[in-house]
Amino acid sequence: MTVAMAVATAVTFVWLGMVLAISFLEAPLKFRAPDVTLRIGLGIGRLVFRALNIVESMLAVVLVIAVVLGEPPTRIVVAAVGVVAILSVQLAAVRPRLTRRSDRVLSGEETPRSHAHYAYIALEVAKVGALVVTGVLLLTG
């Protein structure tokens, strides 16, 4: 395994761990904590997901650079591109809609649950799958 592919593998599994910990553990649990209202939970969630998305973007850049430098088989390139594409859709298409809704809720407006929230969750599940596939392909060469 080349240094570039080792970096790509490490980045992939660090990214996977962050998504699992934040999206599937922290996010749902914060609303179960005593005295955490919807407004407080949304405020915390915005901060946490903004930070996560910034780190994810940096990890995506490192993954792309490592894959380009490592010249892996096509299947690894396709898997890595899939992960980056899913993140791009989340950031460009879904996240802005969620931000607009949370702005409204935080200003005190009553709003129904957003369908964009379900799209974000579906994309998170797809991203986890894509990260697992990418990581396994990187490990197996």
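Nothing in this text is a laboratory measurement; each read-out follows from the coordinates by a stated rule. Predicted, not measured: the structure shown is a model, and the values here were computed from it. Glycine also receives a Cβ, built like all others from the backbone with ideal geometry; neighbour counts cover every protein chain displayed.
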**Study point:** Matching entry among 76, 40 (being loosely packed, with under 15 Cβ neighbours inside 10 Å and either assigned to a helix (DSSP H, G or I) or not charged (D, E, K, R) (or both))
**Key:** 40
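Tell me yes or no: at least one residue of the stretch 127-140 is surrounded by fewer than 19 Cβ atoms within 10 Å (Cβ to Cβ), among the β-branched types (Val, Ile, Thr) and in contact with a Gly (Cβ under 9 Å, 6 or more places away or on another chain). Walk me through it before giving the result.
Taking the stretch 127-140 and keeping what is surrounded by fewer than 19 Cβ atoms within 10 Å (Cβ to Cβ), we get 128-129, 132-133, 136, 139-140.
With the extra rule that they be among the β-branched types (Val, Ile, Thr), the set shrinks to 128, 132-133, 136, 140.
Within this subset, residues satisfying the condition of being in contact with a Gly (Cβ under 9 Å, 6 or more places away or on another chain) are 133.
Checked the stretch 127-140: at least one residue is surrounded by fewer than 19 Cβ atoms within 10 Å (Cβ to Cβ), among the β-branched types (Val, Ile, Thr) and in contact with a Gly (Cβ under 9 Å, 6 or more places away or on another chain).
Can you tell which of 57, 23 is in a helix (DSSP H, G or I) and surrounded by fewer than 18 Cβ atoms within 10 Å (Cβ to Cβ)? Even if it seems obvious, please write down each step before you answer.
On the way: 23 fails: surrounded by fewer than 18 Cβ atoms within 10 Å (Cβ to Cβ).
Within the list 57, 23, the selection yields 57.
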Review point. Of (1) farther than 19 Å from residue 135 by Cβ; (2) touching a residue at least 12 places away in the same chain (Cβ under 8 Å), residue 1 satisfies all except one. Which?
Key: (1)
Practice item. List every residue pair whose Cβ atoms lie under 7 Å apart, where the two residues are 6 or more positions apart in sequence or sit on different chains, the first residue falls within the stretch 81-99 and is touching a residue at least 24 places away in the same chain (Cβ under 8 Å) and among the small types (Gly, Ala, Ser), and the second residue, located anywhere, is surrounded by 19 or more Cβ atoms within 10 Å (Cβ to Cβ) and assigned to a helix (DSSP H, G or I). Key: 82/130
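Just the residues that are farther than 30 Å from residue 7 by Cβ, of a type outside the set (Ser, Thr, Tyr), over 16 Å from the mean Cα position of the chain (by Cα) and in a helix (DSSP H, G or I), please, taken from the stretch 98-141. Spell out the reasoning first.
First, the residues of the stretch 98-141 that are farther than 30 Å from residue 7 by Cβ: 98-119.
Filter again for of a type outside the set (Ser, Thr, Tyr), leaving 98, 100-101, 103-106, 108-110, 112-113, 115-117, 119.
Next, only the ones that are over 16 Å from the mean Cα position of the chain (by Cα) stay: 100-101, 103-106, 108-110, 112-113, 115.
Of everything in the stretch 98-141, those that are farther than 30 Å from residue 7 by Cβ, of a type outside the set (Ser, Thr, Tyr), over 16 Å from the mean Cα position of the chain (by Cα) and in a helix (DSSP H, G or I) turn out to be 100, 101, 103, 104, 105, 106, 115.
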Practice item. Would you check which residues across the stretch 87-124 are over 21 Å from residue 51 (Cβ atoms) and not small (Gly, Ala, Ser) and list them? Key: 104, 109, 110, 111, 112, 113, 115, 118
